[in-house]
Amino acid sequence: MINLIQKNIFRAFIGFLIIFTLNLYSEDQSDADSFFGREAPIYPLPDNLIGWIDSRQILTLNGEWSYIVDPMNNGLPESSFFGGFPKNKIQKTGMELIEYNFETASKIQIPGAWNAEDEKLFFYRGPVWLYKKFNYLPKQDALTHLYIEGSNFTTKIFLNGSIVGEFEGGYVPFNFDISKYLKEGENILLVQTDNTLNESSVPTQKTDWWPWGGIVGDVYIVETPKQFIQNAYIQLNPENFSEVLFKLEINKKSVGHKIKLEIPELQFKAEYQTNSLGLVKENIEINPQLWSPSSPKLYEVIISSNAETISDEIGFRSIKTQGQKIYLNDREIKFKGIAMHSEPIGTPGPAFSKEHFQELLSTAKDLNINFIRAAHYPYTRHLAKVADRFGLMLWEEVPVYWNIDWNNSDTLNIAKNQIARLVQRDQNRASVVVWSVANETPLSSPRMKFLDALLSEIEAHDSSRLSTAALLSGSEEQFRSLVLVLALQGAKSQWVNPKEKAIFRLILDQANIPINTELAFSLSIDDPLGESVDLISYNEYFGWYYVTFFTEQMMISEGTLRKLMFEIMPKIKIASSFNKPIHISEFGAGAKFGNHSNKIWSEEYQAKLYARQLEMLSNNPQIQGISPWVFKDFRAMLRPLPGIQDFYNRKGLIDEAGNKKMAFEVLADFYKNKWNKETTSN
């Protein structure tokens, strides 16, 4: 009997070798390909986002994870004979051929970016596997979900060897029902993150910030009843401050599901029932103290059903525009802002925790700000929760940045998913007053259609905030007129050398402009997207980038043009044909902390540029908000200059360690003493 079994095993093994050899040398390429690569399985998409996550029953998976770098994407089930990491084979006798081992692999802290924690991976862009073991006791009458706050940029998830699903698009939260994959006792979670970007991804393949890879937000196991509250929206009616709109959604369509809403401090308590779609929509009458920067009042809000209770601290306020003004709680206000990237002070990698944002925002408040532009992608939920308490208004944004693949429907779906999840997560944050759909995108018809679709996506979820996009504007004709204004200033200036003065006079002669003419440069923001948004936002870099465009064609030194630009800047006029407020969403200059001189990259040059910019902007009445670029130096692959940038964008008012540059005090003084329009508490 034993001999017969041995013969059968031997025959099977010989058969395998024959098939293996034939596949390798087969003229039918598909046979060989089936060995070296398999058909990709179907990866399910995430479920609808679970809201109010901080009041759910959660088990945190934050902490130490193992990781394996996989640049050839070998570990996926569809890879080849040599791959298949989700099976997580282990050594039992010491004789098994296994070419990976998560138990002995290097370790990383999650949340966190592997290219921040492992210097060998600093410039790496590709797949990395993350491995976590956890013990769990599933409950029969409950659902269990995996919730990931953010993961860059394509994420595939496997639990106990089974495919859970895939999420494409970074920064925003997503969740999967993992109830059927869990087992009692030890469970093994594998997450493949891939920070590769391409022409059809969001963001696109070139960004002026670091493409941090990995899980960059909290990871939770979340327990809910089988029928649970998916999300709830409770915001002030901007037309009636004694009325609040309450919307709630159950995960399954269920009529008559009983819901109780309580706001104890306001002595409000009411019960409702879901309609046939599993929804509650009610206008409730309360009279809350309104949230504002000077009085960031929050109320405990409790929502319960027969099976669960969720809660949050929520502020009530209105934000709107009328003509060229911005109104918070029907009081005129200016956005005294600063732009920011999601990188902590003194620690490499992305900011993700409450502690990170508390330090960032408390330092930023030294600028006397009331507003932060959170560019160019969603941060974790902790930013808006901290901003709620700090009384700082927020602009939140999705990474539709530069030249996206406008005609690609998959690209549009990624962007729509990002904006929808951002809005669904932060829809109850009083601090969030602006949703932005893009940054510096070139004009085209496909771009207009794309961005209008994102604005419609916002409107479908939340119409209580302002919409915008950071625009580029100014025609070729307008910038030709800037050349003439510079030439006129140069021809009149006593300090310009004779050779350059002769060039300036020649330019004026060719344009038939007498030297005694008075000229001032005016720029009109005329991007047609301005018709669709509430706030006209504009990025401009007078005194930094623009002069580099002119120096070669004018045959004038860059130093001369920079000095002339400083002289004409206070008189530059910025306006828009749209009867809406303008927000200058970027301006700035690079400076290395501790670099002191009268040249560029010095603290002195940056401070002088800020002084000229702020004088210019305060002379333009349609401008009702500014957020200079940028609060802190941040990592950027586009910025290699040794000894100065060292792969940092150096436009920060503080450096990566938190040291304040001279321009910090220039802006702080401007906000305190010269541009101090502020709302008062109600």
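No lab work stands behind these numbers, since they all come straight from the coordinates. Please read all numbers here as calculations on a predicted model, not as lab measurements.
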(message) Please compute the alpha carbon radius of gyration of segment 141-199, then divide it by the globular-protein estimate 2.2 N^0.38 Å. Two decimals is fine.
(response) 1.21
(request) May I have the convex hull volume per residue, in Å³, for the Cα set of the chain? (result) 198
(request) Over all alpha-carbon pairs of segment 386-429, lay out the pair-distance distribution in 10 Å bins, whole %, shortest bin first. (result) 24, 41, 24, 10, 0
(request) Using only Cα atoms, find the angle between the long axis of helix 603-618 and the longest principal axis of the chain, and express it within 0 to 90 degrees, rounded to the nearest 10. (result) 70
(message) Filter 133/385; 156/226; 632/672; 107/156; 252/416 down to the pairs with a C-alpha to C-alpha distance above 27 Å, please.
(response) 133/385
(message) Can you work out the Karplus-derived ³J(HN,Hα) for every residue in segment 39-48? Use 6.51 cos²θ - 1.76 cosθ + 1.60 with θ = phi - 60°, whole Hz, and x for glycine or proline.
(response) 4, 5, x, 7, 9, x, 8, x, 6, 4
(request) Quick one: work out Rg over Rh on the C-alpha atoms of segment 419-495, Rh as Kirkwood radius. (result) 1.26
(request) From the P(r) of segment 528-622, can you give the percent of Cα pairs sitting at distances over 16 Å? (result) 60
(request) Mind putting together the pair-distance distribution for segment 58-195? All Cα pairs, 5 Å bins, whole percent per bin, short to long. (result) 2, 9, 19, 24, 21, 14, 7, 3, 1, 0
(request) Report, ordered by chain and residue number, the lysines lying within cross-link reach of residue 499, taken as a straight Cα distance under 28 Å and ignoring same-chain residues fewer than 8 apart. (result) 563, 571, 599, 608
(request) Work out Dmax and Rg for segment 591-641 from the C-alpha atoms and quote the Rg first, both in angstrom. (result) 13.6, 38
(request) Provide the percentage of antiparallel DSSP beta bridges, counting only those with both residues in the chain; round to the nearest 5. (result) 70
(message) Would you calculate the convex hull of the Cα atoms in segment 357-510 and tell me its volume per residue in Å³?
(response) 167
(request) Find the all-direction average of the projected area of the Cα convex hull for segment 357-397, expressing the result in square nanometres with one decimal place. (result) 2.5
(request) Wrap a convex hull around the Cα atoms of segment 234-306, take a quarter of its surface area, and give that in square nanometres. (result) 5.4
